[in-house]
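Peer 1: For reference, the structure I am asking about is given below.
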Amino acid sequence: MKTKLFLFLICIFSGLFSQAQQVPLQWQEVAPGIWKATVGQPDKLNPLVAAGASPRTEALQKLGVRAFPLAQADCKAELRDGKVYLRFPLQEKEQLYGLGLQFKTVNRRGQVLNLHMDHYGGVDNGRSHAPVPFYVSSNGYGVLINSARYITVYAGTAVRVDSEHPPKVYDRNTSSEWSSQPYSDAVEILVPTTGTEVYVFAGKNSMEVVQRYNLLNGGGVLPPKWGLGFTHRMPTLSTAAQVRAEAASFEEHGFPLDFIGLEPGWQTKAYPCTFEWDKSRFPDPAGLAKELKGKGVRLNLWLNPYLSPASSLYEKAKPLSGTHTVWNGLVPDLTLAPAQELYKNLFKAQHLDIGISGYKIDEVDGYDKWIWPDVATFPSGTTAEQMRQVFGVLMQRATADWFKEKGVRTYGLVRASNAGASSLPYVIYNDYYDHHDFITALCNSSFIGVLWTPEVRASKTAEEWLRRMQSACFSPMAMLNAWADGTKPWSFPEVEAQVKEVALLRMQLLPYLYNTFSQYYMEGKPPVRAMNLVEGFSYQDKAEKTALDGTNNPYQVALKKDVKDQFMLGDYLLVAPMFAGQTDRKVILPAGKWYDFYTGEFVGDGGIITATPGLNKIPVYVKDGGIIPMIPPVLHTPAPGEQLALEIRHYGEAESSANLYDDDGESFSYQQGKYMQYQLTAKKDKNGKWNGKVAVDNKQGLKSGYKEIKWRFM
């Protein structure tokens with residue numbers, strides 16, 4: 001009798017636990033155009049907490065007031081089985097962007113994504129170096145699920161029985177309109193935890209949504225000027241003498257260089273790491289850092305955070321680390337202040353205090369087979385899943401804070417990021433090496449508040465080498481990563497001159513690039529922008545049905561077209577990379593007149609053009625009225641107080657004006673208003689002659705970084 005009663009009670013309680021509980025979403029406006037709702041009992045650790053940024057309230061207020069962008073009654077939440085189930089409405093012609101740093105596609109509609117921190121494996125399935133749970137709609141709104149869990153998103157793939165907009169039913173046997181993915185009117189999201197925060201962002205367009213998202217997270221990063229120069233990474237077991245020789249070699253070839261990266265061999269032990277200098281290879285690291293900096297070159301150190309038993313910190317770190325190791329190294333619980341302090345003291349003494357300028361934070365992403373498993377535990381109570389999702393963000397934040405305490409900016413590389421990290425000074429990279437997909441990732445990075453670099457490592461031909469270099473020089477970090485084979489920019493002599501030319505062009509564009517990053521910080525506009533974020537860009541993402549095939553395509557899947565091989569860099573430059581084997585390519589121009597960057601020639605008024613630049617050039621076009629400030633070609637970015645001549649190019653027929661931002665390029669004084677704004681204006685006089693004017697807003701009385709300012713009307 002007692003057994004039957006016990007089983008009866010278990011059944012009752014199990015039924016209560018699994019029963020769905022509808023949760024009304026109470027939206028609170030937390031900033032202009034941004035609303036937050038809480039479902040259930042959220043975890044204490046989430047991506048925004050891990051990133052730790054403060055909203056840029058004044059900049060958000062400048063964007064103005066917006067109404068809630070969705071029908072609130074159609075935004076649903078349920079608690080069931082200890083999980084959160086969310087549903088948001090989706091209109092028929094909506095396109096969806098974001099949801100992580102993916103490499104194959106831009107439009108997410110019709111995809112199922114499990115947003116899981118991992119090395120990218122060649123498929124857009126949600127496993128990514130930045131599984132950011134934020135999507136942007138072409139209808140001018142965005143949704144962020146602020147949870148550090150493995151979130152599954154059904155981006156317009158699931159059709160509910162009670163749908164108010166059910167898809168039309170076709171007979172596959174008789175209708176060519178039948179599809180294996182019928183129309184869905186919802187985005188449905190599964191968050192495997194007891195609660196979560198949800199944010200909704202409104203905007204007049206997709207760009208404004210992205211701006212609000214970035215500004216909520218502190219605005220975008222403003223790198224030091226040297227971070228926007230050219231960087232080169234040394235082979236793994238390089239010595240101090242070889243680093244000196246490498247810097248001298250760049251100088252001899254007249255090739256720009258702003259920072260050199262040292263790979264694992266700088267440490268006494270790596271895989272796992274000690275973070276302490278190998279004195280046999282680097283007997284005087286402080287002297288080396290000082291010597292190179294005097295020549296305009298900084299040092300960046302590779303590391304992964306897993307602590308070697310050979311480290312002097314090992315015993316102290318043990319109780320502050322997880323239950324499982326990575327390559328026999330301890331995994332610090334970076335949610336704990338004592339763990340952060342332990343690492344900070346060592347890094348400060350060994351690196352920051354001797355003049356090291358930044359880090360390359362490797363292997364904080366995956367794979368499952370070597371990173372800590374989901375059964376691991378951490379002393380703070382943070383689950384292994386949560387730690388996996390935000391560990392890269394915690395490392396970025398910790399190291400960035402250490403540099404900020406010293407009053408100097410840093411700029412480095414990382415393998416893992418997540419929501420909330422737009423203000424952190426790191427660029428994502430990985431080991432995946434498809435040139436086409438690198439450009440798609442550049443486009444996708446612009447929706448989710450992260451930066452990505454299409455680095456160069458090696459190439460099979462001189463043509464591929466040049467094409468990769470051209471792309472890298474129009475990205476957030478221009479990098480040659482030669483850790484494995486010691487390649488040089490001049491490794492293919494037949495294109496050495498062309499590689500040098502595009503690298504020096506990168507240096508000439510520094511004022512434009514730096515100004516573009518200032519917009520990222522002040523306005524939330526990403527420096528690289530997918531075409532879907534650009535005003536006046538129109539492209540129908542039509543689905544093309546492939547032929548029914550019993551073997552390769554038995555369900556006649558519709559293939560979607562994406563614009564994923566061109567992008568805007570800042571307000572005015574449209575970049576259309578070329579790939580090995582191409583002699584021409586199609587370029588889609590937004591509305592308005594466009595001009596060739598190199599010659600100033602008119603190329604088209606919206607629509608699609610064919611570019612045939614030859615091997616020497618990467619196609620770059622300038623919007624009508626575009627103002628492009630440039631300096632002379634230099635080998636190193638200017639030091640604080642250094643003045644360079646400035647050429648201001650104006651393109652096209654439209655009168656226009658633009659701001660040019662400048663500061664000391666190294667400190668954080670800009671956050672206290674210590675910067676300059678130049679107002680650049682191009683107009684025609686009554687005789688039709690072009691005139692350019694420069695007005696300077698310099699309330700702080702700072703020394704101008706420019707001299708001999710000249711206009712050039714293209």
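The values are calculated or read from the model by the stated rules, or taken from the named source; none is laboratory data. Keep in mind it's a predicted model, so treat the numbers as computed, not measured. As a convention, Cβ positions derive from the backbone with ideal geometry for all residues, glycine included, and neighbour counts pool all protein chains shown.
Peer 1: Does Ser311 satisfy the criteria of being without any contact (Cβ under 8 Å) to a residue 60 or more places away in the chain, assigned to a loop (DSSP other than H, G, I, E, B) and in contact with a Cys (Cβ under 9 Å, 6 or more places away or on another chain)?
Peer 2: Numbers: without any contact (Cβ under 8 Å) to a residue 60 or more places away in the chain: yes; assigned to a loop (DSSP other than H, G, I, E, B): yes; in contact with a Cys (Cβ under 9 Å, 6 or more places away or on another chain): yes.
Considered against the rule, which asks whether it is without any contact (Cβ under 8 Å) to a residue 60 or more places away in the chain, assigned to a loop (DSSP other than H, G, I, E, B) and in contact with a Cys (Cβ under 9 Å, 6 or more places away or on another chain), Ser311 comes out as yes.
Peer 1: Right, next: Considering the range 583-607 alone, what residues qualify as being part of a loop (DSSP other than H, G, I, E, B) and either without any contact (Cβ under 8 Å) to a residue 60 or more places away in the chain or buried (at least 21 other Cβ atoms within 10 Å of the Cβ) (or both)? Can you show your working first?
Peer 2: The initial filter retains those residues of the range 583-607 that are part of a loop (DSSP other than H, G, I, E, B), namely 583-584, 597-601.
Thr583, Asp584, Phe597, Tyr598, Glu601 - these are the residues of the range 583-607 that are part of a loop (DSSP other than H, G, I, E, B) and either without any contact (Cβ under 8 Å) to a residue 60 or more places away in the chain or buried (at least 21 other Cβ atoms within 10 Å of the Cβ) (or both).
Peer 1: Quick check: is even one residue across the range 686-707 assigned to a loop (DSSP other than H, G, I, E, B), crowded, with 20+ Cβ neighbours inside 10 Å and touching a residue at least 60 places away in the same chain (Cβ under 8 Å)?
Peer 2: At the first step, the residues of the range 686-707 found to be assigned to a loop (DSSP other than H, G, I, E, B) are 686-689, 698-705.
Going one step further and asking which of them are crowded, with 20+ Cβ neighbours inside 10 Å, we end up with 705.
Remaining after also requiring touching a residue at least 60 places away in the same chain (Cβ under 8 Å): 705.
Scanning the range 686-707, I find at least one residue that is assigned to a loop (DSSP other than H, G, I, E, B), crowded, with 20+ Cβ neighbours inside 10 Å and touching a residue at least 60 places away in the same chain (Cβ under 8 Å), so the answer is yes.
Peer 1: Also, I was wondering about something else. Residues being over 15 Å from Ile648 (Cα atoms) and of a type in the set (A, V, I, L, M): count how many of those fall in the range 493-521.
Peer 2: Residues flagged as over 15 Å from Ile648 (Cα atoms) and of a type in the set (A, V, I, L, M) within the range 493-521 amount to 6.
Peer 1: (1) buried (at least 20 other Cβ atoms within 10 Å of the Cβ); (2) of a type in the set (A, V, I, L, M); (3) part of a loop (DSSP other than H, G, I, E, B): which one isn't true of Leu113, the others all being true?
Peer 2: (3)
Peer 1: Which residues, taken from the range 279-310, are surrounded by fewer than 19 Cβ atoms within 10 Å (Cβ to Cβ) and of a type outside the set (A, V, I, L, M)?
Peer 2: Correct list: Lys279, Ser280, Pro283, Asp284, Gly287, Lys290, Glu291, Lys293, Gly294, Lys295, Pro309.
Peer 1: Can you find even one residue in the range 618-630 that is in a loop (DSSP other than H, G, I, E, B), in contact with a Gly (Cβ under 7 Å, 6 or more places away or on another chain) and acidic (Asp, Glu)?
Peer 2: Looking for residues that are in a loop (DSSP other than H, G, I, E, B), in contact with a Gly (Cβ under 7 Å, 6 or more places away or on another chain) and acidic (Asp, Glu), one finds at least one in the range 618-630, hence yes.
Peer 1: May I ask you to list pairs of residues, at least six apart or on different chains, whose Cβ atoms are under 6 Å apart, with the first in the range 636-651 being outside the structural domain of Gly254 (by TED's automatic domain parsing) and at positive phi and the second being exposed (fewer than 14 other Cβ atoms within 10 Å of the Cβ) and part of a loop (DSSP other than H, G, I, E, B)?
Peer 2: Gly641/Lys703
Peer 1: Filter the range 588-622 down to the residues that are under 23 Å from Trp465 (Cβ atoms) and of a type in the set (Val, Ile, Thr) and list them by number. Walk me through how you get there before you give the answer.
Peer 2: So the first thing to find is which residues in the range 588-622 are under 23 Å from Trp465 (Cβ atoms), and the list is 597-598, 611-620.
Selection gives Thr612, Ile618, Val620.
Peer 1: Just name the residue that is nearest to the chain's Cα centre (by Cα) out of those in the range 397-407 that are under 18 Å from Gly261 (Cβ atoms) and in contact (Cβ under 8 Å) with a residue 40 or more places away in the chain. Give the derivation first.
Peer 2: First, the residues of the range 397-407 that are under 18 Å from Gly261 (Cβ atoms): 399-400, 403.
If we keep only those that are in contact (Cβ under 8 Å) with a residue 40 or more places away in the chain too, we end up with 399, 403.
On the way: Thr399: 18, Phe403: 21 Å.
Restricting to residues being under 18 Å from Gly261 (Cβ atoms) and in contact (Cβ under 8 Å) with a residue 40 or more places away in the chain, the top hit is Thr399.
Peer 1: So in the range 653-685, with the set limited to residues that are farther than 17 Å from Phe517 by Cβ and touching a residue at least 60 places away in the same chain (Cβ under 8 Å), which one is surrounded by the fewest Cβ atoms within 10 Å (Cβ to Cβ)?
Peer 2: Glu653
Peer 1: If you don't mind, there's one more thing I want to ask. Kindly indicate the residue of the range 46-73 that is over 15 Å from Gly524 (Cβ atoms) and not hydrophobic (A, V, I, L, M, F, W, C) and also surrounded by the most Cβ atoms within 10 Å (Cβ to Cβ) among those meeting that condition.
Peer 2: Checking each candidate, the answer is Pro47.
Peer 1: Within the range 322-336, is even one residue part of a helix (DSSP H, G or I), assigned by TED's automatic domain parsing to the domain that holds Asp362 and out of contact with any Gly (no Cβ under 7 Å at 6 or more places or on another chain)? Outline the logic, then answer.
Peer 2: From the range 322-336, those part of a helix (DSSP H, G or I) are none; that's our starting set.
No, that holds for no residue.
Peer 1: Still on this structure: Would you please name the residue that is modelled with the highest pLDDT, looking only at residues in the range 544-581 that are out of contact with any helix residue (DSSP H, G or I) (no Cβ under 8 Å at 6 or more places or on another chain) and under 20 Å from Gly98 (Cβ atoms)?
Peer 2: Step by step, filter the range 544-581, then rank; the result is Lys561.
Peer 1: Given (1) closer than 30 Å to Gly203 by Cβ; (2) in contact with a strand residue (DSSP E or B) (Cβ under 7 Å, 6 or more places away or on another chain), identify the lone condition not met by Val393.
Peer 2: All conditions pass for Val393, except number (2).
Peer 1: Taking the conditions exactly as written (closer than 15 Å to Met714 by Cα and surrounded by fewer than 19 Cβ atoms within 10 Å (Cβ to Cβ)), does Gly641 satisfy them or not? Explain how you work it out, then say what you get.
Peer 2: Working: closer than 15 Å to Met714 by Cα: no; surrounded by fewer than 19 Cβ atoms within 10 Å (Cβ to Cβ): yes.
No: the conditions fail for Gly641.
Peer 1: Within the range 199-208, does at least one residue satisfy the condition of being closer than 30 Å to Leu424 by Cα and loosely packed, with under 15 Cβ neighbours inside 10 Å? Outline the logic, then answer.
Peer 2: If we filter the range 199-208 for residues that are closer than 30 Å to Leu424 by Cα, which is where we start, we get 199-208.
If we keep only those that are loosely packed, with under 15 Cβ neighbours inside 10 Å as well, we get 204.
Yes, the range 199-208 has at least one match.
Peer 1: Please enumerate the residues belonging to the range 344-383 that are more than 26 Å from the chain's Cα centre (by Cα), more than 21 Å from Pro47 (Cα to Cα) and not in a loop (DSSP other than H, G, I, E, B).
Peer 2: Asn345, Leu346, Lys348, Ala349, Gln350, Asp353, Ile354
Peer 1: Examine the range 179-187 for a residue that is touching a residue at least 24 places away in the same chain (Cβ under 8 Å) and assigned to a strand (DSSP E or B), and state whether such a residue exists. Steps first, please.
Peer 2: If we filter the range 179-187 for residues that are touching a residue at least 24 places away in the same chain (Cβ under 8 Å), which is where we start, we get 179-181, 183-187.
Next, only the ones that are assigned to a strand (DSSP E or B) stay: 186-187.
Within the range 179-187 (the criterion being touching a residue at least 24 places away in the same chain (Cβ under 8 Å) and assigned to a strand (DSSP E or B)), the answer is yes, since at least one residue qualifies.
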